[in-house]
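**Student:** Below you will find the structure I want to go over with you.
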Amino acid sequence: MSEQSEPKARFLRACRRLPVDRTPIWFMRQAGRYMAEYRAIRAEHSLLDICHQPELAAEVTMQPVNAFDVDAAIIFADILLPLVPMGADLAYVKGEGPAISNPVRTKSDVAALKPAEARQSLGFVMEAIRLVREQLPEGVPLIGFAGAPFTVGSYLIEGGSSRSHVHAKGFMYSQENTWNALMDKLVDVTIDYLLAQVEAGAQVIQLFDSWVGELHPDDYRRYVQPHSARVLSAIGETGVPTIHFGTGTATILPDMKEAGGTVIGVDWRTPLDQAWELLGDDVAVQGNMDPTALFADPDILEQHVDRVLAAAAGRPGHIFNLGHGILPKTPVENVGAVVDMVHAKTARVEG
Ligand code: CP3
C-alpha cells in the first residue's frame, strides 16, 4: 500500500516514527459542542441525525480542520453506532449520555445479537468518509475509529454510562464463556466495520478502549487483551496505522502494546516519559495533556504544553493530543493557541 512507503503527511509519518518537520497535533472529540459551528448544526439536528446524514457528518468533521491548523481529521460518528444494527435500542438522552433500553444481561441476550454487515447497515459512515476525503487538504489525513470490544461491551451490558461497571464486570467474572461469545460477536462486527472504513478512505484507525483502565492487569490479559488483539491485527494487516487508546492505563500499557497498535494513546495521569519507558522505544505514543488545562490562563496552559513536549523530548513518533476527549465548554481560542504553540515549539530545521 502506498501509505506504507514514506508517507508525506506529518501525522502519518509520526505514526511510523519517521522524522517530522513539526510534532503533529489533533484532539480526540475535536468536533463538538465547544465549537459554535457545531452547536448551530446540533440546534437543528440530533446527534444520530448528524451521523446518519453523510453531508452533515462531513461538514461537522471539517469544522475543526477549517478552524485550526490540526494535522488530522476524525470522522464524525460514535463508538456505539454499530450496536444499533446488532439489535440495541440506542438513544442519546440530553444531559445523560447514551441509553440502551434493552441491555444485554444473559446468554440468550448474547445469542440474539445480530451479526451486522457494516457496508449495508452503517453505509452512511463510509459515505461520510468518502465525502470528507474529497474535501481534506493533502497534508491532513482522516482517522476512522471504533470502540474496543470491552468499552462497547460495557455500554451494551450496563445500558449506558457507568462509574463502577458493576454489570459489565459482574458479567465478565460470572459468565466467562458468554462474555467471550459476546466479545467474539463485537470483534467480528468491529473488524468488518473498520475494514469498510479503510476501504472508504480512512487512513488511520483509532480503537477507543476508554474504560479499560478499570481492570486489574490480570483481568485485562484474561478477558480483554485477546479480543482487542484480534481487531488490531486484522486492521494492521491492511497496512493502515492503528492507534490503541485507553484511560487510566498506567499499569497495563505493556499489555495494551502487546494487544497491538502502531501508536499507543496515553492519558494525562501518566507522564509521557514514564509511559514511553514502560512501552519501549519501538512504538509511537499519542498524548497527553490534561483536557482541563485548556480552561487555564495562557501562561499556565503553556506550562502544560511544555510539560508534555519535555516528556516527549523530541522522540520520533510523538503525536500531541489530549489525554482524553476535549470537553464541551472548552474555550475555542485556547484550542487554536495550543495547536500553534505545539507547531512553533517543535519546528525542526529538517523534516
Ligand atoms: O472525535 C470526534 O470529533 C469524532 C466524534 C466522536 C463522537 N464520539 C461524537 C459524539 C467520537 C470519536 C466519539 C467516541 C466516543 N463515544 C467514545 C470514546 C471517546 C471517549 O470520550 O472516551 C465514547 C465513550 C462514546 C460514547 C458516548 N457518545 C458518550 C458517553 C456520549 C455522551 C457524553 C457526551 O460527551 O455528551 C456520546 C455522545 C457524543 N458522541 C457527542 C459527540 C459529539 C456529544 C453529544 C452531542 O453533541 O449532543
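**Student:** 7 Å from Cα along Cα→Cβ at both His52 and Asn180: what's the point-to-point distance in nm?
**Tutor:** Output for this residue pair reads 3.8 nm.
**Student:** Which order do the peptides 41-48, 232-239 take when ranked by the mean count of other beta-carbon atoms within 10 Å per residue, highest first?
**Tutor:** Sorting 41-48, 232-239 by mean packing, highest first, produces 232-239, 41-48.
**Student:** Please report the net charge: other residues with Cβ closer than 9 Å to the Cβ of Pro85, K and R +1, D and E -1.
**Tutor:** 0
**Student:** Another question, if that's okay. Under a point spin-label approximation (7 Å from Cα along Cα-to-Cβ), what is the Glu277-Asp219 distance to one decimal in nm?
**Tutor:** 2.8
**Student:** Still on this structure, please answer the following. For the chain, find the longest principal axis of its Cα atoms and tell me its angle to the long axis of helix 149-158, 0 to 90°, nearest 10.
**Tutor:** 50
**Student:** If I fit a long axis through the Cα atoms of helix 123-135 and take the longest principal axis of the Cα atoms of the chain, what angle between them do I get, 0 to 90°, rounded to 10?
**Tutor:** 10
**Student:** Percent of Cα-Cα pairs per 5 Å bin, from 0 to the last occupied bin, for region 85-191, please list those.
**Tutor:** Here the calculated profile for region 85-191 is 2, 11, 19, 20, 17, 12, 9, 5, 3, 1, 0.
**Student:** Expressed as an acute angle from 0 to 90° and rounded to the nearest 10, what is the orientation of the C-alpha long axis of helix 176-200 relative to the principal long axis of the chain?
**Tutor:** Between the helix axis and the principal axis of the chain, the angle is about 50 degrees.
**Student:** Now for a different question. Let me know the charge dipole size of the chain about its Cα centre in debye, to the nearest 20, where only the beta-carbon of Lys, Arg (+1) and Asp, Glu (-1) is charged.
**Tutor:** Approximately 360 debye in magnitude.
**Student:** Straight-line reach only, C-alpha to C-alpha below 29 angstrom: list the lysines that Lys169 could link to, leaving out same-chain residues fewer than 8 apart.
**Tutor:** Lys94, Lys107, Lys114, Lys185, Lys257
**Student:** Projecting each Cα onto the charge dipole of the chain (Lys/Arg +1, Asp/Glu -1 at the beta carbon, about the Cα centre), which of Pro331, Gln203, Leu48 comes out farthest on the positive side?
**Tutor:** Farthest along the dipole direction, towards plus: Leu48.
**Student:** When Lys and Arg each count +1 and Asp and Glu each count -1, what net charge do the other residues less than 12 Å away from Ala196, Cβ to Cβ, add up to?
**Tutor:** Local net charge: -2.
**Student:** Could you sort the peptides 340-347, 192-199, 90-97, 167-174 by per-residue average Cβ neighbour count (10 Å cutoff), highest mean leading?
**Tutor:** Those peptides, ordered most packed to least, come out 192-199, 167-174, 340-347, 90-97.
**Student:** With unit charges on the beta carbons (Lys and Arg positive, Asp and Glu negative) and the dipole taken about the Cα centre of region 105-163, which residue among Ala148, Ala112, Gln135 sits farthest to the positive side?
**Tutor:** Farthest along the dipole direction, towards plus: Ala112.
**Student:** State to the nearest 20 debye the size of the charge dipole of region 1-77 about its Cα centre, where the only charges are +1 on K and R beta carbons and -1 on D and E beta carbons.
**Tutor:** Approximately 400 debye in magnitude.
**Student:** Rounded to the nearest Å, what's the spacing between the alpha carbon centres of region 15-70 and region 208-287? Just the number, please.
**Tutor:** 24
**Student:** Also: May I ask you to derive the FRET efficiency for Asp306 and Ala250 from their Cβ-Cβ distance with R0 = 25 Å, giving the value to the nearest 0.05?
**Tutor:** After rounding to 0.05, the efficiency reads 0.70.
**Student:** Further question on the same structure: Please list 285-298, 263-276 highest first by mean number of surrounding beta-carbon atoms within 10 Å per residue.
**Tutor:** Peptide ranking by packing, descending: 263-276, 285-298.
**Student:** Still on this model: Between Glu333 and Asn102, what's the calculated FRET efficiency when r is the beta-carbon distance and R0 is 45 Å? Round to 0.05.
**Tutor:** Once rounded, the FRET efficiency stands at 0.55.
**Student:** Using the Kirkwood radius over Cα pairs, work out the Stokes-Einstein diffusion coefficient for the chain at 10 °C and 1.306 mPa s, in µm²/s as a whole number.
**Tutor:** 78
**Student:** Once the principal axes of the Cα atoms of region 250-326 are found, what is the range along each, listed largest first in whole angstroms?
**Tutor:** 39, 23, 18
**Student:** Which part of region 301-332 falls in the paramagnetic zone of Arg16, meaning amide N under 17 Å from the point 7 Å along Cα-to-beta-carbon?
**Tutor:** Backbone N within reach: 316-319.
**Student:** Please list the equivalent ellipsoid semi-axes of region 119-180, computed as the square roots of five times the alpha-carbon gyration tensor eigenvalues, in descending order and whole angstrom.
**Tutor:** 35, 13, 10
**Student:** Let me ask something else about it. Which percent, nearest 5, of DSSP beta bridges in the chain are antiparallel?
**Tutor:** 15
**Student:** Here's a follow-up. Using the Cα centre of region 108-163 as the reference point, and only Cβ charges (+1 on K/R, -1 on D/E), how large is the resulting charge dipole? Debye, rounded to the nearest 20.
**Tutor:** Using only the charged Cβ atoms, the result is roughly 40 debye.
Here, each number is a calculation from the coordinates, and none is a lab measurement. Every value quoted in this text rests on a predicted model; they were computed, and no experiment measured them. Cβ: placed from backbone, ideal geometry, glycine included. Neighbour counts: every protein chain shown.
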